[in-house]
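Only the coordinates and a few stated rules stand behind these numbers; no lab work does. No experiment lies behind these values; they were computed from the predicted model shown. Cβ atoms come from the backbone with ideal geometry, glycine included; neighbour counts cover every protein chain shown.
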Amino acid sequence: MYRRYYRYWSSGTSMCSRTAHILSRFLVFFFSILVPLLGYLMAALSDLALYHYPITRSARVLWLLHELGPDKTGPFEVKRVELLQGEGRAPW
């Protein structure tokens with residue numbers, strides 16, 4: 001194990017700075033891919049429709065959309081589904 005890391009120590013560079021350098025390069029690469037991908041996903045969500053019935057788990061999603069605001073989510077439409085009348089089983 002001593003020989004494995006000897007080349008880093010002999011150059012005067014500690015393992016911590018070497019690891020930090022590799023991590024920083026990875027993060028730059030990761031975010032250079034992630035940011036355009038998030039922009040693409042947000043553009044795809046611009047025509048968002050939430051099918052909602054009160055007192056269900058969709059209330060959490062509705063709350064999240066309102067908390068994020070239209071500047072982050074884009075415009076969205078809330079369509080109420082009457083579960084007690086069987087609309088939840090209707091073919092779309």
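Observations, loosely collected:
- Around the amide H of Val78, modelled in the peptide plane, lie the amide H atoms of Leu50, all under 5 Å away and 5 or more residues distant in sequence or on another chain.
- Segment 45-92: translational diffusion in µm²/s, Stokes-Einstein, Kirkwood Rh over Cα pairs, 10 °C, 1.306 mPa s: 137 µm²/s
- Applying the Karplus relation 6.51 cos²θ - 1.76 cosθ + 1.60 with θ = phi - 60° to segment 22-37 yields 3J(HN,Hα) values of 5, 5, 5, 5, 5, 5, 4, 5, 4, 6, 5, 8, 5, 5, x, 5 Hz, where x marks Gly and Pro.
- FRET efficiency for Arg25 and Arg89, using Cβ-Cβ distance with R0 set to 30 Å, rounded to 0.05: 0.05
- Our coupling estimate for segment 49-56, obtained by passing each phi through the Karplus curve with A = 6.51, B = -1.76, C = 1.60 and θ = phi - 60°, is 10, 9, 8, 10, 9, x, 6, 10 Hz, Gly and Pro reported as x.
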